[in-house]
Each structure stands twice: as structure tokens, then as C-alpha cells.
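Just so you know, all these numbers are worked out from the coordinates, no wet-lab data involved. Keep in mind that what you see is a predicted model, and the values were worked out from it rather than measured. Neighbour counts are summed over all protein chains in view; Cβ atoms, including those assigned to glycine, are modelled from backbone coordinates with ideal geometry.
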């Protein structure tokens, strides 16, 4: 077997070590050839000891910050959008974990596992939530949680292509795998047959992108987790996943080596959720109920199947143009307000796609609140009014959007009160981070009775969370749905 082995994680500290590494590599290649295995290093070694000094950031820092950042893969099982909602096995697990820790969840989508480890150690992420097997080299980069589940891997090929029925038939063929995946070491371990030689080529694409390349006849073979391969096998008749590469082994998530409190908290959560049956139930939802999974991921209103968010995308796009907004931001607001239900009505009497109150409907000329176009037009006119209201005080457009969203939720009078309090206490009122702090304080008599406050008491934390929810959803739409 001829394995093209990546060396992105190799560390060369000086010229002597470099020469030693070359000598060791030559010896290793000769030894492997005796067993019928040839591992050739094609990629240039990089001097990036990213794991030696990981960012200092543990559970207390995350709780104080108020959110946890997790890296996930954009796949039909991990994380995607369906009818405006965020879904996926890892997404639901992480959402439950974040709730358990009492923080919000921020997601980062990455297909490249090597990049994920780098982001983790730089402190730009807190968890890698992928199916990660422990290996000696990976233990340098991160600590691993208790197992979230088990994983086996299979060869993915076309039934109508140059199909193989056993590993030995891969002789002189090429298998493409994602960069940094455990599949590389699994393939290089298959050296039982001394006459077996095949290429293993790493690519920057993710697992499902490589499966798509197999289907499109761009490549003949790839390797994938069996669970993911089984889900894809329900979508595509021409896939063959019958050849096993590895048996089941435990898989978990990765955290920084210097974050013991976070690791302990996740392990406690895993133990509780395993005992309660939550993990098994969620696994069944995404992996055993293949028919429902097929409908969700192949729907026209799925980020995977149709690159659409809702049936109202076209009118949302037109309305967003009049605001100068990314249409996916406006779609995030619509989902937050009504979940794209034009007949939605709140307990307070708000109705329509953008949940307008009767006084707002009348003010902006909306005759039928349940008419999607009218409701959207009325809501956009209200947003334009709020944009004009804040434009001089908040000239930076991205910051102004936060003020507009909060005003849409709680009323611009309350947000203006917080703006005045921010100014009074010597903070810069052009930044939402400062103003939101005082908006949350409007439940405290010391602040809502302040002479600069005109609108009185308000549950400002609700509006702050509202803004966060929309921006988090918008970030998901922006990553998963094309403009």
C-alpha cells in the first residue's frame, strides 16, 4: 500500500532535528516496504508548534464571557438549516450542552480537521465537536472527552464504477480522504497483503463533498464514517458502502489540554445524558430514522438540498434591498418573529410574518396582517424608520443594526434610555456592547428611575437576548446558505 501521508503537524525546530527526521523517515520507509506498505511524505513540513502554547481559556472564562464556541462540520448529520431552523446531530448535542453550562452557543463550520485543531489551540474555539478518535499524535494537540458514541469507517464508491468488493482489490488505485482525518492512519494500517499498493491522497474538501465527487465520477473512492455513509446511502442509489475499513471504536470531542474544568464539565454532561437516554434518542433521530433525515436534507427548503430558507425567500430578498441589508439577516428576523408562519399571532396581539402590533399596522398602511407581502412591507417600513432614527447617533451600519433590532423588539424609547445612561456613565454610546449593558439594568430602580430615563422599567435582557438570537441565526444562514 502506498500512502501519501500529510505532515502538516510535523515540527522541525532546528537543522539537526531536520536531518534526523529525514534519516528516520528513510529507515521507516524501508521498514514499511518489508510489510508491503509505503508511506510517502509529499507535503512540505511546517514549523507551526501551535499545540505548545495553547490559549489560556477554561470554563470560568467561558461562563463569564457568556457563550461557548464549537467547531462542527457542515453535513447532513452534523449541522444544517431546514425551513429556517438550525438542525443536526452535533448541533442539538451542543445546544443541550450550552444550556447545561448556562451559556449561549456560537458555531464555527470547518471541514478541515487540522485547521480545527489550530483554531482550538489559538483560543478561537473551545470544542471540536466532530467524531474524533484518539491517536497518539492527536493527544499532543488536545484532550478528549468521554466518548459521545462509536464510529466505524467504510469505503465509499459507486455501484456502477470501478467497484471493489474487498480491500485487496484497491491495488494500484487511489483513495481520496479529507485532510487530517483519522482515515489516513486506518488505511496505512491495512498492510496484511504485501502485494497491496494504493495511493491515499488528502484533499481540503469535507466528507460529503468527497462523496459528491465520487457520485460525479471526479474520484472513484473515498472513506467516511459509517453513520454518515449510511445516511447518504439513503439519498443516492448508486452509492456502495459495503467494504469496511475499520471496526467500531469510541469517538469524542476535543478541548484544549489546559482546560481541565471544561473537560470535566463536558464529561459530567456526557455521563448524565447517556444515562438519561438522551444520546440514544438523538442518535435514532438522525441516523436510524433515515426517511425523515432524507426529507429534511433533500427538501427545497434545506441548506443542503435546495439552498433555500423559506418559501418567502424571493420577497424577503426584494424587501432587504430597500433596507440595504443582507436578505439572510432579514430572514433571520422573520424566523425569530414568526418562524415564517404568515398567520402567527402573539399573546400581545402582534400578527403576520414580522409580528406587527395593530398600531404599527395602521401606521404603515398594512390592511391585511396575514398577507405575507403586506406584512413584510409594513415591517420593512418600520425597520427603515428605526434606521433613520438611529443613523446620526450610530453611524457604523453593523452596530446600528443591533440598535434597530433591539428597538424592533422592545421599542426605541427603551433603547434610547439605555443610550442616555451609557453617555451619562462615561461609556461610548455608539457601541452596542456598552448600551446593552445599561439596557439590561433597566430592571433596577436605580437606573430606570434615573432622570435621563424617559420610558421607565423594561426587561432589557429580553431585548439583548433577542438581538443575540437573530445575529447567531444570521451567522448560521450566512455560512450555510448562499447569498
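Using only C-alpha atoms and all pairs of different ones, pull out the Kirkwood radius for the range 313-480 in Å with one decimal.
16.3
If the chain between residue 264 and residue 67 were fully stretched, how many nm would it gain, using 0.36 nm times the residue separation less the Cα-Cα distance?
Length difference between fully extended and current span is 69.2 nm.
Report the Cα centroid-to-centroid distance between the range 413-483 and the range 227-253 in angstrom, as an integer.
That distance is 47 Å.
Checking the a/c ratio against 1.5 first, then a/b against b/c, what shape does the Cα gyration tensor give for the range 382-446?
Judged from the Cα gyration tensor, the range 382-446 comes out oblate (a/c at least 1.5, b/c at or above a/b).
Taking neighbour counts of Cβ atoms within 10 Å as a proxy for exposure, in what order, fewest first, do 329, 262, 187 appear?
So the ranking, lowest neighbour count to highest, is 329, 262, 187.
Taking a label point 7 Å from the Cα of residue 339 along the Cα→Cβ vector, which residues of the range 64-99 have an amide N closer than 12 Å to it?
Answer for this model: 83-86.
Please report 402, 317 as a ranked list, fewest other C-beta atoms within 10 angstrom at the top and most at the bottom.
Ranking 402, 317 by Cβ neighbours within 10 Å, fewest first, gives 317, 402.
Which percent, to the nearest 5, of DSSP beta bridges fully inside the range 116-234 are antiparallel?
40
Restricting to bridges with both residues inside the chain, how much of the DSSP beta-bridge set is antiparallel, in percent to the nearest 5?
The antiparallel proportion sits near 55 percent.
With volume of the Cα convex hull per residue in Å³ in mind, check (1) 173; (2) 183; (3) 140 and report the label derived from this structure.
(1)
Calculate the length of the line joining the C-alpha centroid of the range 137-204 to that of the range 50-102, in whole Å.
27
Between 0 and 90 degrees, rounded to the nearest ten: what's the tilt of helix 460-480 against the longest Cα principal axis of the chain?
40
Counting helices only, and only those DSSP H runs with n ≥ 4, report the 222 nm mean residue ellipticity of the chain as the sum of -39,500 (n - 2.57) divided by its residues, in deg cm²/dmol to the nearest 500.
-14000 deg cm²/dmol
Got a sec? How would 159, 442 order by Cβ neighbour count within 10 Å, fewest to most? Intermediate values should be presented prior to the final figure.
Numbers: 159 11, 442 25.
Final ranking by Cβ density, sparse to dense: 159, 442.
Multiply the residue separation of residue 56 and residue 212 by 0.36 nm, subtract the distance between their alpha-carbon atoms, and state the gained length in nm to one decimal.
Going from the current span to full extension adds 52.2 nm.
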